[in-house]
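Encoded as structure tokens, the structure appears first; notes follow it.
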Amino acid sequence: MLFRSLGRTGVKLSVLGFGTKYLPENVENDKRWVSIDNAIKAMHRSFELGINHVDTAYTYNNGLSETATSQALKSWPGKIHIGAKIPTHLIKKRGDYRRYLEEQLTRLKVACIDFYYFDNVNYQSFLSIDKRANWVREAEKAKDEGLIKHISLSFNSPAEEMKLFTDMRLFSVISCGYNLLNFDYNIAIEYAAKKGIGIITTEPLAGGKIVQLPAKIRTELNSSTRNNTELGLRFVIANPSITATLSSMKTVEMVEENIFYVSDSTPLAAEELKNINLYMSKLHDIAKKICTNCGDCLPCPQEVNIPYIFQLYIYYQVYGLKDYAQKKYSSLETDPLVSGKNALSCFHCGLCIQKCPHQVEIADQLKEFHKTLSPYYRASN
Ligand code: SF4
Ligand code: SF4
């Protein structure tokens, strides 16, 4: 296992961390439920192989991720660093920050959380929540009292806002998404890392999409890596600004495979990395011309999830993730993790087009995307 320093925290983290956003599930007669036992097995195997940090959140799996984490850590007391995210949507007034922190400490059965993240905020909402709930002061107080080691931020706003957050000089650690399909935060991460902030990224395999990238893309990338999993993981850790990346690993086999690939201490060759960056940036630019995923077109009176459908089309058309995109589109109205309706609900009111900064002909496009993304469309129409 490789270890790297986490900014100026003095902590050394394994380059791979254990994420608990997606826990293993048992399935029987179309019913699914989280398997805490299997989650613990996977976590324990990861600790045995050198992983020294686990990341969880109040909301992940309705609290079961924190429960699984606390049970897994019972036999590894004090050896594993914990990251946890506050449920921002529940922070309404003074005292709430402390209340949820204490609840999470209790659920995790620890006296202190190493990286306690402000979550799900942009710069403006962070400031306005602070106005009503005084959460910055609460975080500093909790840190002084030893309940939090490092005040941290989980970031998913436009890249330029990371500079604003960095310049607040409040955070020791910033966590954000970063992978082969989405490296928008490249420059922002570099800026934050240079200021001494530790960077932990998430979704190194883009929720499994990278594993499914077609052979055509691998050929274009001319990569020396053995498969897409290795490509995705080693691409992320090749970025020197990144200390570690968190992968949600559901099985012991997944843990062993991921650790095997990140343990290769030979970095990707500079020429190979340059080629990967160039090619993926080209695809990225094509994707941005279709839709920037800004979300300005929402809300739609028919609740059509416009940005999501555009992203699925991009995965299909630009990245060749055809099966993935079609499966996700078919389950759009039944997947509990995704809100909104599919393109069939659009009644061409035109409201979204007026709001789109790129003047995308949304309604016409949705009609076309529906044909592409519905696997049975041609057969049934
Ligand atoms: S045109 Fe369609 S997608 Fe756009 S706002 Fe109207 S109903 Fe929604
Ligand atoms: S406003 Fe336009 S660019 Fe932004 S998400 Fe909607 S369709 Fe995409």
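The values are calculated or read from the model by the stated rules, or taken from the named source; none is laboratory data. On a predicted model such as this, the values are computed, not experimentally measured, just so you know. For neighbour counting, all protein chains shown are included, and Cβ atoms are generated from backbone atoms with ideal geometry for every residue, glycine included.
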Problem - Only one of N222, N239 that is in the same structural domain as G10 (by TED's automatic domain parsing) and within 20 Å of L321 (Cα to Cα) - result: N222
Practice task
Name the single residue, out of those in region 72-84 being closer than 13 Å to T56 by Cα and among the small types (G, A, S), that is surrounded by the fewest Cβ atoms within 10 Å (Cβ to Cβ).
Solution key: A72
Exercise for the section: Could you list all residues from region 281-334 that are more than 20 Å from the chain's Cα centre (by Cα), more than 14 Å from ligand 2 (Cβ to nearest atom), assigned to a loop (DSSP other than H, G, I, E, B) and closer than 15 Å to H370 by Cβ? Expected result: Q302, S331, E333
Handout entry: Hey, Y324 within 16 Å of ligand 1 (Cβ to nearest atom), surrounded by 13 or more Cβ atoms within 10 Å (Cβ to Cβ) and of a type in the set (S, T, Y) or not
Key = no
Exercise for the section: Answer yes if at least one residue in region 143-151 is modelled with pLDDT of 95 or more, under 19 Å from D55 (Cβ atoms) and not in a strand (DSSP E or B), and no otherwise. Expected result: yes
Practice task
May I ask you to say which residue of Y308, Y319, Y279, Y324 is without any contact (Cβ under 8 Å) to a residue 40 or more places away in the chain and not assigned by TED's automatic domain parsing to the domain that holds E220?
Solution key: Y308
Handout entry: Residues that are surrounded by fewer than 16 Cβ atoms within 10 Å (Cβ to Cβ) and part of a loop (DSSP other than H, G, I, E, B), drawn from region 265-280
Key = S265, T266, P267, A269
Practice task
Give T88, T69, T106 a once-over and let me know the one that is modelled with pLDDT of 95 or more, among the β-branched types (V, I, T) and either surrounded by fewer than 15 Cβ atoms within 10 Å (Cβ to Cβ) or not assigned by TED's automatic domain parsing to the domain that holds R169 (or both).
Solution key: T106
Exercise for the section: Residues being outside any loop (DSSP other than H, G, I, E, B), in contact with a strand residue (DSSP E or B) (Cβ under 7 Å, 6 or more places away or on another chain) and of a type outside the set (V, I, T): count how many of those fall in region 26-40. Expected result: 3
Exercise for the section: Return the total of residues in region 41-66 being assigned to a helix (DSSP H, G or I) and either crowded, with 19+ Cβ neighbours inside 10 Å or not assigned by TED's automatic domain parsing to the domain that holds K250 (or both). Expected result: 9
Handout entry: Residues (surrounded by fewer than 22 Cβ atoms within 10 Å (Cβ to Cβ) and assigned to a loop (DSSP other than H, G, I, E, B)) located in region 246-261
Key = K250, T251
Exercise for the section: Restrict the check to region 148-156 and report whether at least one residue is surrounded by fewer than 19 Cβ atoms within 10 Å (Cβ to Cβ) and either under 30 Å from S263 (Cβ atoms) or assigned by TED's automatic domain parsing to the domain that holds N258 (or both). Expected result: yes
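Conditions tested, residue by residue: (1) assigned to a strand (DSSP E or B); (2) of a type in the set (D, E); (3) out of contact with any Pro (no Cβ under 7 Å at 6 or more places or on another chain); (4) surrounded by fewer than 19 Cβ atoms within 10 Å (Cβ to Cβ).
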{"residue": "E190", "(1), (2), (3), (4)": "no, yes, yes, yes"}
{"residue": "P204", "(1), (2), (3), (4)": "no, no, yes, no"}
{"residue": "T219", "(1), (2), (3), (4)": "no, no, yes, yes"}
{"residue": "V236", "(1), (2), (3), (4)": "no, no, no, no"}
